[in-house]
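Let me give you the structure first, and then I'll get to my questions.
The values are calculated or read from the model by the stated rules, or taken from the named source; none is laboratory data. These figures come from a predicted structure and were not determined experimentally. FYI the Cβ positions are ideal-geometry reconstructions off the backbone, even for glycines, and counts take in every protein chain you see. Remember, those area values only see protein heavy atoms, side chains included, never the ligands or the DNA or RNA. Shrake-Rupley method; radii C 1.70, N 1.55, O 1.52, S 1.80 Å.
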Amino acid sequence: MTTLLTGWMLYSLWIVFGFMALDFLVGLYHALRTKDFTPSLILSYLQDTLYYVLPLLLLASISVLDSTGWIVKVGYYIGAFGIALKYLLALKSKL
């Protein structure tokens, strides 16, 4: 089973990873500044990768099975937009 990522799907995945990384760096900065660093900070991002990014990759891999060619891709883009919005709002609350 191969992952078929078209150009826009790859860009949206990079946007998701970028917001995750930016949120992690802001959280790490706050944790080190307040001397409240715990391993759960890192583990929560690994968990989010498993819960959010893996289903996106699963949708990308089953998009070849979609006979219409757009239903699964729309679900992929809605999911990527939701994840990016989640991390954008989390960044807004941290700043």
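Those residues that are in a helix (DSSP H, G or I), out of contact with any Ser or Thr (no Cβ under 8 Å at 6 or more places or on another chain) and of a type in the set (S, T, N, Q), I need them from region 35-72; list them, please.
If the condition is that a residue be in a helix (DSSP H, G or I), out of contact with any Ser or Thr (no Cβ under 8 Å at 6 or more places or on another chain) and of a type in the set (S, T, N, Q), then 40, 44, 47, 49, 63 are the ones that fit.
Now for a different question. Out of 49, 68, which single residue is of a type outside the set (Lys, Arg) and at pLDDT below 90?
Details: 49 fails: at pLDDT below 90.
None of the others qualify; the one that does is 68.
What residue, of 91, 5, is in contact (Cβ under 8 Å) with a residue 12 or more places away in the chain, outside any helix (DSSP H, G or I) and not polar (S, T, N, Q)? First the steps, then the outcome.
Working: 91 fails: outside any helix (DSSP H, G or I).
Going through 91, 5 in turn, just one is in contact (Cβ under 8 Å) with a residue 12 or more places away in the chain, outside any helix (DSSP H, G or I) and not polar (S, T, N, Q): 5.
Within region 28-59, restricting attention to residues that are open to solvent by less than 50 Å² (accessible area, probe 1.4 Å) and in contact with a helix residue (DSSP H, G or I) (Cβ under 6 Å, 6 or more places away or on another chain), which residue is farthest from residue 87 (Cα to Cα)?
31
Looking only at region 62-81, filter to residues that are small (Gly, Ala, Ser) and surrounded by 15 or more Cβ atoms within 10 Å (Cβ to Cβ); which one of those is nearest to the chain's Cα centre (by Cα)? Steps first, please.
Of region 62-81, the ones small (Gly, Ala, Ser) are 63, 67, 69, 75, 79-80.
Checking the rest, the ones that are also surrounded by 15 or more Cβ atoms within 10 Å (Cβ to Cβ) come to 63, 75, 79-80.
Values: 63: 18, 75: 14, 79: 9, 80: 7 Å.
It comes out as 80.
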